[in-house]
């Protein structure tokens, strides 16, 4: 069977038609297809309801029997790139008629179309400034001059719904932004694996979609340069002067140490990104059973050098090892004073897989130390559930 393709232009809004048939007579099924209205303006956040009249013109060089159809699922909403936003179930269209020789036949189909606000929202999420309504029709020439035929064709009619951005809709901006835990707290201390969430209180002005991502930096990266990983993406349609709260997903609390949390707006972008922090701690029972880790190199009071190797003796069931570095406290009367781990300032850290018993000092970690100062370091072991299970003594290291 020969495939013929023909473009029909109706107000610039018709799609290309795929016409299937034995000869050029099949073009008579859809001589033209138009929609009224061809375009319409719709507003963000509002239900759009309107009528569309589809008009099909058919003509054939000989007397023929014509059949036209459009199914209940033949209507679709798409964005400007052709991504389907939804397929509403609507009325069906069917007509069988006789075509007189070279006489144009007009067939019309009127329907009421309802565009929900979420369809408009999805289009804006896809950065599309319009919703495209498409209706698919099929047609057949069943008989010509009393002889059975098998000529079929398909056509798609289009109505453009332009999402209004009138001058009364100002550019989207953030008027107020506050990040906190429960009761407005900016810092929390919780137990290992406790439930915790945070809230972003936001006030916006203008119309558009606000987008952002919840991100957290976990230990041990918070001992040095924090590494933020995404937790969840958020988008919300706003209009006018709008105030709302966005709640974070459950926050991780498996590791012992400091966590940093932020809600980073990606649209519109803020000049600075606020941070809040929370600390996890293990119960006294968990800390009471810590096993001893014996250190290897470097020896006490060694001078730090590029690529210096830190080593220790392994313990069973360790999933990770964590090397932590602390500022040296001010000495009293010339006597050496080791850091109080509950109060000491951690300056850097390195996480090592449990199968390894040594780790070279990375350049990124070395950047956190100041020349001419003394520091302490130790190694802790972490089990598969994120609990501390072992710890070494503190050992001094000197940065030349």
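The values are calculated or read from the model by the stated rules, or taken from the named source; none is laboratory data. Just so you know, these numbers come straight off a predicted model, no measurement behind them. Please note: Cβ atoms are built from the backbone with ideal geometry, for glycine as well, and neighbour counts cover all protein chains shown.
Key figures
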item: Matching entry among 151, 163 (being touching a helix residue (DSSP H, G or I) at 6+ places or on another chain (Cβ under 9 Å) and farther than 18 Å from residue 51 by Cα); result: 151
item: Residue check for residue 260: touching a strand residue (DSSP E or B) at 6+ places or on another chain (Cβ under 6 Å) and closer than 27 Å to residue 120 by Cβ; result: no
item: Criterion (farther than 24 Å from residue 279 by Cβ and either surrounded by fewer than 14 Cβ atoms within 10 Å (Cβ to Cβ) or at pLDDT 80 or above (or both)) met by exactly one of 155, 200; result: 155
item: Scope the stretch 92-107; condition closer than 20 Å to residue 132 by Cα and either loosely packed, with under 13 Cβ neighbours inside 10 Å or touching a helix residue (DSSP H, G or I) at 6+ places or on another chain (Cβ under 9 Å) (or both); matching residues; result: none
item: The listed residue being exposed (fewer than 14 other Cβ atoms within 10 Å of the Cβ) and farther than 26 Å from residue 182 by Cβ, out of 254, 267; result: 267
item: The one condition in (1) within 30 Å of residue 384 (Cα to Cα); (2) part of a loop (DSSP other than H, G, I, E, B); (3) in contact with a strand residue (DSSP E or B) (Cβ under 9 Å, 6 or more places away or on another chain) that residue 128 fails to fulfil; result: (1)
item: Matching residues in the stretch 26-67 - criterion: being out of contact with any helix residue (DSSP H, G or I) (no Cβ under 7 Å at 6 or more places or on another chain) and within 16 Å of residue 144 (Cβ to Cβ); result: 26, 27, 28, 29, 31, 62, 63, 64, 65, 66, 67
item: When residues of the stretch 160-181 are limited to those that are in a loop (DSSP other than H, G, I, E, B) and under 24 Å from the mean Cα position of the chain (by Cα), the one modelled with the lowest pLDDT; result: 171
item: Which listed residue, of 82, 45, is modelled with pLDDT of 80 or more, under 23 Å from residue 130 (Cβ atoms) and assigned by TED's automatic domain parsing to the domain that holds residue 141; result: 82
item: Residue count, the stretch 341-367 (criterion: modelled with pLDDT under 80 and in a loop (DSSP other than H, G, I, E, B)); result: 6
item: Meets criteria (modelled with pLDDT under 90, more than 20 Å from residue 128 (Cβ to Cβ), assigned by TED's automatic domain parsing to the domain that holds residue 159 and surrounded by fewer than 16 Cβ atoms within 10 Å (Cβ to Cβ)) for residue 62; result: yes
item: Any hit, the stretch 280-296, residues being more than 18 Å from residue 380 (Cβ to Cβ), touching a strand residue (DSSP E or B) at 6+ places or on another chain (Cβ under 7 Å) and surrounded by 15 or more Cβ atoms within 10 Å (Cβ to Cβ); result: no
item: Number of positions in the stretch 29-58 that are in contact (Cβ under 8 Å) with a residue 60 or more places away in the chain, within 15 Å of residue 69 (Cα to Cα) and part of a strand (DSSP E or B); result: 4
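Residue-by-condition table, conditions (1) in contact with a strand residue (DSSP E or B) (Cβ under 7 Å, 6 or more places away or on another chain); (2) assigned by TED's automatic domain parsing to the domain that holds residue 33; (3) on the phi > 0 side of the Ramachandran plot; (4) assigned to a loop (DSSP other than H, G, I, E, B):
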residue: 142; (1), (2), (3), (4): yes, yes, no, no
residue: 158; (1), (2), (3), (4): yes, yes, no, no
residue: 183; (1), (2), (3), (4): no, no, yes, no
residue: 195; (1), (2), (3), (4): no, no, no, yes
residue: 200; (1), (2), (3), (4): yes, no, no, no
residue: 210; (1), (2), (3), (4): yes, no, no, no
residue: 219; (1), (2), (3), (4): yes, no, no, yes
